[in-house]
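Data block below; observations after.
The values are calculated or read from the model by the stated rules, or taken from the named source; none is laboratory data. Values in this document were obtained by computation on a predicted structure and should not be read as measured data. When we count neighbours, we look across all protein chains shown, and the Cβ atoms used for this are built from the backbone with ideal geometry, even at glycine. The area values use the complete protein model at the heavy-atom level, side chains included, leaving out ligands, DNA and RNA. Shrake-Rupley method; radii C 1.70, N 1.55, O 1.52, S 1.80 Å.
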Amino acid sequence: MRKDFTIDTGDADTSEIAFVEDYWTQKWVEQGGPKDRTSRIPRKEEFRVMRPYLEKLPKGARMLDGGCGLGDWTVYFTEQGWPTLGLDISRDTVAKLREFFPEHEFEVGDIRQTGLPDASFDAYFSWGTFEHFEAGLEPCIDEAYRVLKPGGLLFTSVPFDNLRHALRAAGDWKRKAQPAAGNERFYQWRLTRGEFRGLLAKSGFEVLDVKAIGKRQGVLRSLQHEFGLPYQWFVSRAASAAVAPFVPSGLVAHMLLAVARKPETDPPR
Ligand SMILES: C[S@@+](CC[C@H](N)C(=O)[O-])C[C@H]1O[C@@H](n2cnc3c(N)ncnc32)[C@H](O)[C@@H]1O
């Protein structure tokens with residue numbers, strides 16, 4: 001597993017949990033807070049991976065959205081007939097979600113220790129959230145296992161330690177272990193397919209699939225880091241859309257999405 005770091009512009013002594021909460025609270029404010037963005041969900045790659053499993057999920061089945069952010073997925077699935085609880089560590093964001101979507105279910109919580117009852121969800125999805133704590137992903141995965149019913153499905157994405165990252169790091173191996181400058185701090189873990197599969201299996205999950213997704217975003221990041229093109233620039237965006245279909249996912253894809261099942265009976269641990 002490889003560590004990514006970010007510049008901390010705030011107080012360097014901030015605890016990890018406060019840093020994660022502040023980081024995301026600020027990000028969601030910058031993005032304009034909750035809005036109805038549900039129409040974009042069926043076009044998302046994550047949704048396309050979930051679709052064959054959703055077709056077999058009976059309506060009324062209960063879902064958990066771990067790290068719900070601006071709540072789009074929670075709202076979408078609830079409206080599709082699968083009552084979904086959106087859980088997020090950002091208190092400010094959850095307060096705004098409750099105001100904007102009063103008929104939906106949002107709670108403040110930590111996916112490492114949700115306080116939710118054992119075996120209470122038929123499916124659990126979580127996008128880009130398990131990787132944010134330096135102690136590792138195991139507490140998030142173990143908690144997902146605990147709250148899922150036997151036979152329940154987990155869909156989760158984490159940053160992909162693709163070939164591009166491996167090559168970049170080859171000349172700079174120390175960055176794997178520690179931040180470069182005093183104001184840098186741990187941001188997230190990046191995983192290979194084997195590492196992701198291994199962690200899920202260690203917690204007892206049966207891993208059904210691991211897919212590399214987000215090629216366009218990966219190309220965009222490469223254009224930014226290797227060629228200095230601004231991330232938001234329309235030319236960078238057009239170029240990444242044109243190039244991405246021709247680039248192998250193992251080289252650039254931004255995320256890995258795993259689909260895993262909690263067995264009907266607990267395996268020996
Ligand atoms: C990458 S965003 C994903 C947002 C949303 N699921 C989406 O796909 O648009 C990660 C979210 O997880 C939340 N988060 C990070 N660590 C968390 C934790 N331990 N427990 C609950 N939420 C967490 C952040 O506040 C943020 O909203």
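Taking the Cα centre of each part, how many Å lie between the stretch 58-74 and the stretch 98-153? Going from one Cα centre to the other spans 10 Å. Counting only chymotrypsin sites (Phe, Trp or Tyr not before Pro) that DSSP places in a loop and that have at most 15 other Cβ atoms within 10 Å, the longest clean stretch of the chain runs over 1-230. Setting aside same-chain residues fewer than 8 positions from Lys27, which aspartates and glutamates have a Cα under 12 Å from its Cα? Correct list for Lys27: Asp92. Length gained on full extension, Arg62 to Ser39: 6.2 nm, using 0.36 nm per residue less the C-alpha separation. About its Cα centre, the dipole of the chain is roughly 1220 debye, where the only charges are +1 on Lys and Arg Cβ and -1 on Asp and Glu Cβ.
Relative to the present Cα-Cα distance, how much length would full extension add between Glu134 and Ala239 at 0.36 nm per residue of separation?
Full extension of this stretch gives 34.4 nm more.
First obtain the Kirkwood hydrodynamic radius of the stretch 23-72 from its Cα pairs, then insert it into the Stokes-Einstein equation at 10 °C and 1.306 mPa s, and state the resulting D in µm² per second as a whole number.
It diffuses with D of about 123 µm²/s by this estimate.
Could you work out the helix-only [θ] at 222 nm for the chain, with each DSSP H run of four or more residues adding -39,500 (n - 2.57) and the total divided by the number of residues, to the nearest 500 deg cm²/dmol? Dividing the helical sum by the residues of the chain leaves -10500 deg cm²/dmol.
Each semi-axis of the equivalent ellipsoid for the chain is √(5λ) with λ an eigenvalue of the Cα gyration tensor; in descending order they amount to 28, 22, 21 Å. The rule of thumb for compact globular proteins, 2.2 N^0.38 Å, goes into the C-alpha radius of gyration of the stretch 205-253 1.32 times. Placing unit charges on the Cβ atoms only, positive for Lys and Arg and negative for Asp and Glu, gives the stretch 178-242 a dipole magnitude near 120 debye about its Cα centre. For the stretch 88-216, the spherically averaged projection of the C-alpha convex hull amounts to 10.3 nm². Counting only protein heavy atoms and a 1.4 Å probe, tell me what percentage of the chain's accessible area is made up of carbon and sulfur. Whole-percent figure for carbon plus sulfur exposure: 54. Just so you know, the averaged projected area of the alpha carbon convex hull for the stretch 51-112 sits at 4.2 nm². Between Tyr23, Ser240, Ser157, whose Cα lies farthest towards the positive end of the dipole of the chain when Lys and Arg beta carbons carry +1 and Asp and Glu beta carbons carry -1, centred on the Cα centre? Of Tyr23, Ser240, Ser157, it is Ser240. Cross-link check: pairs Lys35/Lys59; Lys149/Lys202; Lys44/Lys211; Lys44/Lys149; Lys3/Lys149; Lys211/Lys262 evaluated at a Cα-Cα cut-off of 23 Å; pairs beyond the cut-off: Lys35/Lys59; Lys44/Lys149; Lys3/Lys149.
Helix 215-227 and the longest principal axis of the Cα set of the chain meet at an angle near 20°. Comparing mean-square fluctuations of Ala166, Ala244, Ala135 from a GNM of the chain with C-alpha springs under 10 Å, the top value falls on Ala135. Based on every Cα atom in the stretch 12-167, Rg and the maximum pairwise Cα distance Dmax equal 15.5, 48 Å.
Taking Met50, Met255, Met63 in turn, the Gaussian network model of the chain (Cα-Cα springs below 10 Å) assigns the largest fluctuation to Met50. Restricting attention to the stretch 4-85, which GluC sites (Glu not before Pro) occupy a DSSP loop and are surrounded by at most 14 other Cβ atoms within 10 Å? Answer by residue number: Glu55. Per the Debye formula on identical point scatterers at the alpha carbon atoms of the stretch 180-269, with no solvent, log10 I(q)/I(0) at q = 0.10, 0.13, 0.14, 0.21 Å⁻¹ is -0.40, -0.61, -0.67, -0.99.
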